[in-house]
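Taken together, the values in this text are just the output of simple stated rules run on the coordinates, not laboratory data. Given the structure is predicted, the values throughout are model-derived calculations rather than measurements. Don't worry about glycine lacking a Cβ; one is built from the backbone with ideal geometry, like all the others, and counts go over all protein chains shown.
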Amino acid sequence: MAARKKSRMQWYRVDLHLHTPGSADYQEADVGYIDILRKAEFRGLDIIAFTDHNTVAGYAAMRREIEQLAYLEALGRIQPDEQRLLDEYRRLLDKILVLPGFEFTATFGFHILGIFAPETPVRQLEHLLLSLNVPLDALDEGNSNVGASADVLTAYRVINQAGGICIAAHANTSHGVAMRGLDFGGQTRIAYTQDHNLHALEVTDLMRRGRGSTQRFFNGTKPEYPRKMRCIQGSDAHRINAISDKSGKSHLGVGDRVTEVLLPDRTFEHLRDMFRSNDFSRSRPYSTSREPYDYIQVARDEGPSLVQSFHESMTRRGGHLYSIIADVCAFANTNGGTIYVGVSDDPKKKPAGISKVSEAIDTLQAEINQMISPTLDVEIDSLETQGRSIIRIQVPRGDDCPYAIDQNKIYVRDESETSLAVRDEIVNLVKSGLTQEAVSAAESVVAEDVPVLPEAEPEAATDNGIAPPRAGVEIIGTEQRNDTRYYIMRDLRNGNIVKNVTQASARRLWDYAIKQKESNPVKESKVQWQGDIGLWRRYQRAGDTRYDLVQRDEGKLRVYYGVTDSGMHGLWQSFIEPDDEE
């Protein structure tokens, strides 16, 4: 178990998506590379990357210009204006870390950023581009159109294995791998955004906090997108200064969309380590026009979920400490997650904070080590919010399920609720553990990279071609034994079936579904239908909107209770209430 402290860490401003005259579509004539560096200094940038289309010609031209000036200086033949230019380059390059890179156009036109260490030879980067089937003319011209190039997953692998930082460019817009709103194969979309060789998604809506934001979509709560993705922003500048064209479209300039990263030093190695880490608080959007980005407050605004929980206190009295340990166990058995201690889930309530952080971390470490088996490696550290110190526990998705407290209490996470697992869930956890062992064994002998895919396939589409939602619960059967009625529940998130559920043993969502089925059965004539799918009820729970949905399937009605926004896909999304948040 690791407790990492962030002493001597510093925030640096980065714009990792800049074009230069090396790109064929650069918008300003007669711009020098020194002008780009001067603008970066003016905007307060610490790290930038030159990412021209399918070429490193821009970065190479800048290095060549500097080398020629230095050569003239060494010969004693440099002119005064040349000396001033060389001195200016040296001053700026001492202040700004400039990284070489490219924006590769993959098959079907998807754009991918590859960013590398400054000492990487230009010839090596050109070789990488040639290996990705970039034609020589595109390599020379910096053209975004390259024809039949390599596929997305190959590009991810090649960039990562070459030691680069791999980022999906403007993932939520045109040429972006998220393909939101496009009719594209689901498994392809999952692989393109979840592959372990991909380090981050560059998005254009990072400042937006509503549930429709790209960052919220890839927060790890969706069963088919279980890997939480780091989201950053970059300017994608094709010019020095921003303008709006005649159509009203904005073209950003250098530093007009910036990310801040928390690093121990301003080096490529530290930047790459940050991108490869799972500490998502080490990157945040930067804007001069808004309040500083509070990572904890953003999490509180999102509220408790499948992958995060909040505990205002960790005292033993009242069971607060045990509740934290139970969440650790549940997250490990489900999809991993983050626990915030010292702050409530009410975003309007002032954080309580933790007074003796080091002692509290030591207590949590000792309790987790002692109570949870098998051994689980979690990270515990402290963060600041509104002037208060809070503790963060980052729990990975366990690879040796099931995990238990005191050898016999097995917890699972169901949306925002931690509960003791019932028999069928324990059986499924054991099966998943055995499956994971088999996958690990296969990976040890198979050299090829494989994308991270969800553990179980979503349920197949019904006869009307529409698959059920991917969250909530469905009651698929009942059985009367003596005076007790038993229910068979299907978890829509993972397809697991749990039998022998009674009204008395049902957890919160199951209890709700049973009560609705018995006391408020669906009346087909009152369903808000859209073809063969419909909305029966919309209600609020813990500040979130949930939906009871209905589907016609081979002459029968299937009812899905307590569906969240994260479980709505395809045509089901038409029932989601509009998101008014900006």
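Couple of notes before you dig in:
- Kirkwood analysis of the Cα pair distances in segment 1-158 returns a hydrodynamic radius of 17.0 Å.
- Segment 237-340: antiparallel DSSP beta bridges as a percent of all, rounded to 5: 70
- Look at the alpha carbon pairs under 8 Å that are at least 6 residues apart: their mean separation over the length of the chain gives a relative contact order of 11 percent.
- Sequence ranges 48-58, 253-263, ranked by mean other-Cβ count within 10 angstrom, highest first: 48-58, 253-263
- Cross-link check: pairs K222/K348; K228/K523; K228/K431 evaluated at a Cα-Cα cut-off of 30 Å; pairs beyond the cut-off: K228/K523.
- Summary of the geometry: segment 216-254 and segment 410-425, compared by the centres of their Cα atoms, lie 37 Å apart.
- In units of the rule-of-thumb radius 2.2 N^0.38 Å, segment 473-575 shows an alpha carbon radius of gyration of 1.07.
- Dipole size of the chain about its Cα centre, with +1 on Lys/Arg Cβ and -1 on Asp/Glu Cβ: approximately 1860 debye, rounded to the nearest 20.
- Dipole check for segment 11-293: with +1 at the C-beta of Lys and Arg, -1 at the C-beta of Asp and Glu, and the Cα centre as origin, the magnitude is about 1300 Debye.
- With the charge dipole of segment 321-369 set up from +1 on Lys and Arg Cβ and -1 on Asp and Glu Cβ about the Cα centre, the Cα lying farthest toward the positive end among the listed residues G342, A330, A360 is that of G342.
- Computed as a quarter of the hull surface, the mean projected area of the alpha carbon convex hull for segment 126-242 stands at 8.6 nm².
- Highest average packing first - 412-424, 476-488, Cβ atoms within 10 Å: 412-424, 476-488
- Computed P(r) (all Cα pairs; the chain; 10 Å bins; percent): 3, 15, 24, 24, 18, 10, 4, 1, 0, 0, 0
- As a rough guide to protection, the peptides 29-36, 142-149 ranked by mean Cβ packing within 10 Å, highest first, stand as 142-149, 29-36.
- Diffusion coefficient, µm² s⁻¹, Stokes-Einstein with Kirkwood Rh over alpha-carbon pairs of segment 11-293 at 4 °C and 1.567 mPa s: 67
- Across segment 147-162, coupling constants 3J(HN,Hα) worked out from phi with the 6.51/-1.76/1.60 Karplus curve, θ = phi - 60°, read x, 7, 8, 6, 7, 4, 5, 5, 4, 4, 5, 5, 5, 5, 5, 7 Hz, and Gly and Pro carry x.
- Taking the inverse of the mean 1/r over every pair of distinct Cα atoms in segment 301-420 gives a Kirkwood hydrodynamic radius of 14.2 Å.
- With each label modelled as a point 7 angstrom along the Cα→C-beta vector, the D94-Q10 pair spans 1.5 nm.
- One Cα centroid belongs to segment 340-394, the other to segment 84-130; the line between them spans 40 Å.
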